[in-house]
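The values are calculated or read from the model by the stated rules, or taken from the named source; none is laboratory data. It should be emphasised that the depicted structure is a prediction, and the values quoted were computed from it without experimental measurement. In this analysis, Cβ positions are derived from the backbone assuming ideal geometry, glycine residues included, and neighbour counts consider all displayed protein chains. Keep in mind that these areas ignore ligands, DNA and RNA; they rest on the heavy atoms of the full protein, side chains included. Shrake-Rupley method; radii C 1.70, N 1.55, O 1.52, S 1.80 Å.
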Amino acid sequence: MKSILDNRPALTEEVNKVAEVAGYLWQKGWAERNGGNITINITEFVDDEIRQMKPICDVKSIGAVLPHLKGCYFYCKGTNKRMRDLARWPMANGSVIRILDDCASYVIIADQSVAPTSELPSHLSVHNYLISRGSPYKASVHTHPIELVAMTHCKKYLEKDVATRVLWSMIPETKAFCPRGLGIIPYELPSSVQLAEATIKELEDYDVVMWEKHGVFAVDCDVMQAFDQIDVLNKSALIYIAAKSMGFEPDGMSDEQMEEMKVAFNLPK
Ligand code: 13P
Ligand code: ZN
């Protein structure tokens, strides 16, 4: 079967990275059933032939008007599709969409008519926000990391930067590789426009945000880097839990040690 990836090595590489990360999400136990979703902005890889490709579905509404997405293209995980399947067959479990000139609707153009993720309003609102800011970020990842989600079942960790402080203090690398910390978004209905709006607001200050009792949403230059930020945060949550299950409250790094990291790595916070 013909694929949009044929003879397009740069685009293939980006989609293959999504497939690789999808496999990691499954292996980590963060992607039960169809849990989680990934989108990447692939507009830079689009050539005239792609621009001429005919839609393979009816025009669909995004549910929001996103002016910076005019003429943009995205690879999106399909709704109800499994990460473990996407890992092996990315073009059967995801699709490429084109945003139409009204900036409020889209069509699927390749390879198959796989309806995009139910969290599309959040993903596309975030890409719209990133472009408006001139950000180099092209990937957004939503997943259900067990230990980080568990922390949101305790009110104290929902207060601003309380979880960030605990996670950063477990191991120096967390602050170095997730330098903006973990933003918190109080519970909203999955796939809602309210959730999308809260997500963009929180991404002004963080690269990774937590949807209370649901999962994280992360952005970065590519999908691998977005995954890495979630992975270092969840590693810290695991260290915290390991210490607690050994029967003690972990000391955490001191304020001086954290400040030293900030200076040594030239970190923003
Ligand atoms: P989709 O299968 O629609 O991507 O939904 C998964 C999910 O995690 C919703 O929050
Ligand atoms: Zn989810």
Worksheet item: What are the residues in region 203-218 that are within 16 Å of ligand 2 (Cβ to nearest atom) and not aromatic (Phe, Trp, Tyr), if any?
Response: Val208, Val209, Met210, Glu212, Lys213, His214, Gly215, Val216, Ala218
Item to complete: Please specify each residue of region 125-150 satisfying the condition of being within 14 Å of the chain's Cα centre (by Cα) and within 16 Å of ligand 2 (Cβ to nearest atom).
Response: Ser125, Val126, Ser140, Val141, His142, Thr143, His144, Pro145
Fill in: Members of region 233-269 found to be free of Cβ contacts under 8 Å to residues at least 60 places away in the same chain and among the β-branched types (Val, Ile, Thr), listed by number
Val263
Worksheet item: Would it be correct to say that Gly23 is away from ligand 2 (no atom under 16 Å from the Cβ), modelled with pLDDT of 95 or more and in contact with an Asp or Glu (Cβ under 8 Å, 6 or more places away or on another chain)?
Response: no
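From the list Leu69, Leu86, pick out the single residue that is more than 14 Å from ligand 1 (Cβ to nearest atom) and either touching a residue at least 12 places away in the same chain (Cβ under 8 Å) or more than 15 Å from the chain's Cα centre (by Cα) (or both). Break it down stepwise before answering.
Values: Leu86 fails: more than 14 Å from ligand 1 (Cβ to nearest atom).
The unique qualifying residue is Leu69.
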Worksheet item: Restricting attention to region 127-144, which residues are surrounded by 24 or more Cβ atoms within 10 Å (Cβ to Cβ) and either β-branched (Val, Ile, Thr) or assigned to a loop (DSSP other than H, G, I, E, B) (or both)?
Response: Val141, Thr143
Worksheet item: Within region 181-232, can you find the residues that are open to solvent by 30 Å² or more (accessible area, probe 1.4 Å), touching a residue at least 40 places away in the same chain (Cβ under 8 Å) and polar (S, T, N, Q)?
Response: Ser191, Gln225
